[in-house]
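The values are calculated or read from the model by the stated rules, or taken from the named source; none is laboratory data. Keep in mind the model is a prediction, meaning the values are calculated, not measured. In this analysis, Cβ positions are derived from the backbone assuming ideal geometry, glycine residues included, and neighbour counts consider all displayed protein chains.
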Amino acid sequence: MPQMNMIEAIRDALDVKMSQDSDVLVFGEDVGYFGGVFRATAGLQDTHGLHRCFDTPISEGGIVGIAIGMAANGLRPVAEIQFADYIYPAYDQIASEAARLRYRSNGDFTAPITIRTPVGGGIYGGTTHSQSPEALFTHIAGLKTVIPSNPYDAKGMLISAIEDNDPILFLEPKRLYNGPFYGDPHAPAKTWRGHELGEVPSGHYTVPIGEARKISDGADVTILAYGTMVWVAQKVAEDMGVEADILDLRSLLPLDIAAIEASVNKTGRCVILHEATRTSGFGAELAAQVQERCFYALEAPIQRVTGWDTPYPHAQEWAYFPGPKRVGNALRDVMEA
Amino acid sequence: MTKKSGSNSSRLYVPEPPFRPGDTPDYSYISVPAAHSPSRPDPLCDADETRAHATSLIRVLRFNGETQGDWVPDISAEVLRGALRDIALTRAMDERMFTMQRQGKMSFYMKSTGEEAVSIGHALALNDTDMIFPTYRQQGILINRGASMKEMMCQCLSNSGDPLDGKSIPVLYSFKKHGFFSISGNLGTQLIQGVGWAMASAYKNSDEIASVFTGEGATAEGDFHYALNFASTYRAPCIINVVNNQWAISSFQGIAAGEGETFAARGTGYGLATLRVDGNDVLAVYAATKWAAERARRGGGATLIEHFTYRKSGHSTSDDPTKYRPESEPEVWPFGDPLERLKNHLILIGEWDETRHAALLEACKSEVRDAYKAAEAMGNLSGETKVNDYTMFEQVYERPLPHLDEQKRMFAKERE
């Protein structure tokens, strides 16, 4: 089985789809000749041609706008937004256009586009290279939002996204590109080599959108996490000796509520993790749904562990990041309640 | 021209239209070119050769009905009579729908009165497979392409005959079968999408081109800039049309872009070909569109066309134009009426007469009346729309998602 990091897995997914389907085009800022600032598209222009993998002007609204028009004309564009922090100029095209086109035209026109963009902190990116804006997108009817946490899922879900007939925002936790991150920035960096989810089949396979992945089985507490926080959760639970049922949500909308409900009904305790700011974060949605469905099974208040309600600071990056200490405290609280 | 003096006592400049309610509008300062310049360059010329075209005005029809100049198109009298009919039919439909909105049959309507020649002349010069990315005032293109007027009316009535199942407000049509993209209520967004559509067409080595529309007001949106920039970068086979009808609801064109330059000239800095055309002259619109379409189809890239016209009615049924501009302004606007100008031309060349014209107007009226009757029988907003409420859960995604299914069940319970 080939070993890949998350960048290689994403590139491989693009390569597989571009080889299979001439309707798949890849474009964005610096994605062509150079292969993207994170190298996710490296070599694709060479392999598939200038007309299939190309650079765009620095114009996120324009990038998503042309993607919609191309999709309406039968193509399957995959657009890259260099950092999720840069996506806001494209918000109108995503929220009002891509997500609404099928509805407002009653199926006459559709926008099967995939928008890839790196999210999250951990690389000293400061306020403009670290954001996790997922909740701004899960609030939009007509859009799907997914966020894989490992190479295997990244490839399988990206192929699913490209083949899906709805617009999909594909969030890539950039801190996980080269290896799983367990929350300690001072620990030696791990790579995906040797990790079972770093084993990525070659060729075509899919990971369905809308299904959570069980990271560990446990009867003590349910941990709902996605992106970078999945691996922090795993490490903290292990270190504390807590038998945690950890769900990597992977797909935020559609959400695998059945898996969440089954887990919380089993454990009676729930901790929700995300890197994004707290207020109106996706954790609020998760907490609401858990209490609606599992209220009588709950033995403790639901806990949220999140970034603070501040912009993502630079020097204070690790003070902002919901690291092992914050996660551990919440786990302890919910276990002792 | 003399500007109405405002109440501004600071150095901040805020442009104002020359005339407001209570003024006597005098547009003699707008020169109506008699020489019918500029010349018609080769459609594959350097974009640079169209610089002057961005600041002059392409005209073919003189007010006396004669044609003149480089841009006189080769077009048969029969086709022109068809254009006359399309303009008259569009106008008759607009009249009827406006009246029916006033009677509460629909929530909203938007007329295109006074600027029908832009849509009709443009559509005539394109192939039906060329994709239009319209605004809400290009209904004439649908009429020209033979869309069912009843279906259009059902869309406005949001009734059981509405192909959109009541999901969109009136006038925001979607007619893929007529090469007419779904209209967005968010202005300007379609511009860059149309450029993307055209890029896809080029990628597929297809001859189809895109033609995208905006009013002059929405050229202030970033999407307009994106469209011009991407169209230039990738030489997208498309036409970018700015319908300058002078008014964006109550804001005159100087608010959208200042008063220094034409909208066509916006294209010059992007290296696009630029044409500025008398939008009340259906022959000139046709000729300019033909030129731009040929340029796009033969690999010459995009053209920005400013159609200089005038919005005779309010923006929509929701505004009263006499509240922000002189009541007589539509009458004194110096470029005449597109229907009258085409009629005069056809009469002058012996292909039309007053009797036939009166009969045409009558026939359009009765066609509209019949279509409306049939449409209203399928429901309307003042009675019963006859649209199934459960369809609101459909077409959000390709396939129903579990959370939406659940909400549909909740809604069913609410209805018990």
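Residues in the stretch B:34-61 that are in contact with a Leu (Cβ under 7 Å, 6 or more places away or on another chain) and more than 17 Å from B:Ala264 (Cα to Cα): B:Val60, B:Leu61.
If you filter the stretch A:139-149 down to residues that are over 14 Å from A:Asp12 (Cβ atoms) and surrounded by 24 or more Cβ atoms within 10 Å (Cβ to Cβ), you find that the one that is nearest to the other protein chains (Cβ to nearest Cβ) is A:Lys144. Checking each residue in the stretch B:210-234 for being in a helix (DSSP H, G or I), at the interface with chain A (Cβ under 8 Å from one of its Cβ atoms) and either touching a helix residue (DSSP H, G or I) at 6+ places or on another chain (Cβ under 7 Å) or crowded, with 21+ Cβ neighbours inside 10 Å (or both) picks out B:Gly222, B:Asp223, B:Tyr226, B:Ala227, B:Asn229, B:Phe230. Of all residue pairs spaced 6 or more apart or on separate chains, none has beta-carbon atoms under 9 Å together with a first member in the stretch B:257-268 that is without any contact (Cβ under 8 Å) to a residue 12 or more places away in the chain and in the same structural domain as B:Glu306 (by TED's automatic domain parsing) and a second member that is surrounded by fewer than 22 Cβ atoms within 10 Å (Cβ to Cβ) and among the small types (Gly, Ala, Ser). Inclusion of A:Gly69 among residues that are within 14 Å of chain B (Cβ to nearest Cβ) and without any contact (Cβ under 8 Å) to a residue 60 or more places away in the chain is warranted. Any idea which of B:Ile30, B:Ile87 is β-branched (Val, Ile, Thr) and not assigned by TED's automatic domain parsing to the domain that holds B:Glu340? Criteria check complete, one pass: B:Ile30. Within the stretch B:149-181, being small (Gly, Ala, Ser) and either assigned to a helix (DSSP H, G or I) or without any contact (Cβ under 8 Å) to a residue 12 or more places away in the chain (or both) holds for one residue alone: B:Ser174. If you go through the stretch A:54-66 and keep only what is of a type outside the set (Val, Ile, Thr) and either under 23 Å from the mean Cα position of the chain (by Cα) or at the interface with another protein chain (Cβ under 7 Å from one of its Cβ atoms) (or both), you end up with A:Pro57, A:Ser59, A:Glu60, A:Gly61, A:Gly62, A:Gly65.
If you go through the stretch B:42-57 one residue at a time, how many are closer than 11 Å to B:Gly271 by Cβ and surrounded by 14 or more Cβ atoms within 10 Å (Cβ to Cβ)? Matching residues across the stretch B:42-57 total 3. Checking each residue in the stretch B:28-51 for being under 24 Å from the mean Cα position of the chain (by Cα) and not in a loop (DSSP other than H, G, I, E, B) picks out only B:Thr50. Considering every residue within the stretch A:293-305, establish whether at least one is at pLDDT 95 or above, closer than 21 Å to A:Ser149 by Cα and either of a type outside the set (A, V, I, L, M, F, W, C) or in the same structural domain as A:His139 (by TED's automatic domain parsing) (or both). Within the stretch A:293-305, one or more residues are at pLDDT 95 or above, closer than 21 Å to A:Ser149 by Cα and either of a type outside the set (A, V, I, L, M, F, W, C) or in the same structural domain as A:His139 (by TED's automatic domain parsing) (or both). Total residues in the stretch B:351-401 satisfying the condition of being part of a helix (DSSP H, G or I) and among the β-branched types (Val, Ile, Thr): the figure is 3.
Applying the selection to the stretch B:179-201, what residues are surrounded by fewer than 20 Cβ atoms within 10 Å (Cβ to Cβ) and more than 8 Å from chain A (Cβ to nearest Cβ)?
Those that are surrounded by fewer than 20 Cβ atoms within 10 Å (Cβ to Cβ) and more than 8 Å from chain A (Cβ to nearest Cβ): B:Gly185, B:Leu187.
Test A:Pro57 against the stated conditions and say whether it is in contact with a helix residue (DSSP H, G or I) (Cβ under 6 Å, 6 or more places away or on another chain), assigned to a loop (DSSP other than H, G, I, E, B) and assigned by TED's automatic domain parsing to the domain that holds A:Asp12. The answer is yes for A:Pro57.
Listed by position, the strands (runs of 3 or more DSSP E) contained in the stretch B:235-317 that have at least 1 residues being among the polar types (S, T, N, Q) and touching a Phe, Trp or Tyr at 6+ places or on another chain (Cβ under 8 Å) are B:238-244, B:303-308. Of all residues in the stretch A:243-293, those that are within 12 Å of chain B (Cβ to nearest Cβ) and part of a loop (DSSP other than H, G, I, E, B) total 3. Among the residues of the stretch A:223-266, just one is more than 20 Å from the chain's Cα centre (by Cα) and either modelled with pLDDT under 95 or within 22 Å of A:Ser132 (Cα to Cα) (or both), namely A:Val236. For A:Gly107, the conditions (1) free of Cβ contacts under 8 Å to residues at least 24 places away in the same chain; (2) more than 9 Å from chain B (Cβ to nearest Cβ) are fulfilled apart from (2).
Pairs linking a residue in the stretch B:321-338 that is under 18 Å from B:Glu16 (Cβ atoms) to a residue that is polar (S, T, N, Q), with Cβ atoms under 6 Å and 6 or more positions apart or on different chains, are B:Tyr324/B:Ser250. Of everything in the stretch B:197-210, what is out of contact with any strand residue (DSSP E or B) (no Cβ under 8 Å at 6 or more places or on another chain) and touching a residue at least 40 places away in the same chain (Cβ under 8 Å)? Give them in sequence order. B:Asp207, the sole residue that qualifies.
The single condition from (1) within 30 Å of B:Met199 (Cβ to Cβ); (2) in contact with a Ser or Thr (Cβ under 6 Å, 6 or more places away or on another chain); (3) part of a loop (DSSP other than H, G, I, E, B); (4) of a type in the set (Val, Ile, Thr) that B:Thr113 fails is (1).
Taking each residue of the stretch B:402-416 that is at pLDDT 95 or above and looking for partners that are in a helix (DSSP H, G or I) and surrounded by 11 or more Cβ atoms within 10 Å (Cβ to Cβ) with beta-carbon atoms closer than 6 Å, six or more apart or interchain, yields B:Leu404/B:Phe393; B:Lys408/B:Phe393. Can you find even one residue in the stretch A:240-247 that is surrounded by fewer than 24 Cβ atoms within 10 Å (Cβ to Cβ), over 18 Å from A:Gln291 (Cβ atoms), in contact with a strand residue (DSSP E or B) (Cβ under 9 Å, 6 or more places away or on another chain) and not β-branched (Val, Ile, Thr)? Yes, the stretch A:240-247 has at least one match. Quick one: in the stretch B:119-163, of everything that is of a type in the set (A, V, I, L, M) and touching a Lys or Arg at 6+ places or on another chain (Cβ under 7 Å), which residue is farthest from B:Tyr310 (Cα to Cα)? Among them, the one singled out is B:Leu157. Within the stretch B:116-138, being assigned to a helix (DSSP H, G or I) and not charged (D, E, K, R) holds for B:Ala117, B:Val118, B:Ser119, B:Ile120, B:Gly121, B:His122, B:Ala123, B:Leu124, B:Ala125.
Under the condition of being aliphatic (A, V, I, L, M) and within 13 Å of another protein chain (Cβ to nearest Cβ), which residue from the stretch B:143-178 is farthest from A:Arg100 (Cα to Cα)? Please lay out each step first, then the result.
In the first step, residues of the stretch B:143-178 are kept if they are aliphatic (A, V, I, L, M); the result is B:143, B:147, B:149, B:152-153, B:157, B:164, B:169, B:171-172.
With the extra rule that they be within 13 Å of another protein chain (Cβ to nearest Cβ), the set shrinks to B:147, B:164, B:169, B:171-172.
Working: B:Ala147: 24, B:Leu164: 13, B:Ile169: 14, B:Val171: 17, B:Leu172: 13 Å.
So, considering only residues that are aliphatic (A, V, I, L, M) and within 13 Å of another protein chain (Cβ to nearest Cβ), the one farthest from A:Arg100 (Cα to Cα) is B:Ala147.
Of the set (1) crowded, with 20+ Cβ neighbours inside 10 Å; (2) more than 7 Å from chain B (Cβ to nearest Cβ); (3) out of contact with any Leu (no Cβ under 6 Å at 6 or more places or on another chain), all apply to A:Ala99 but (3).
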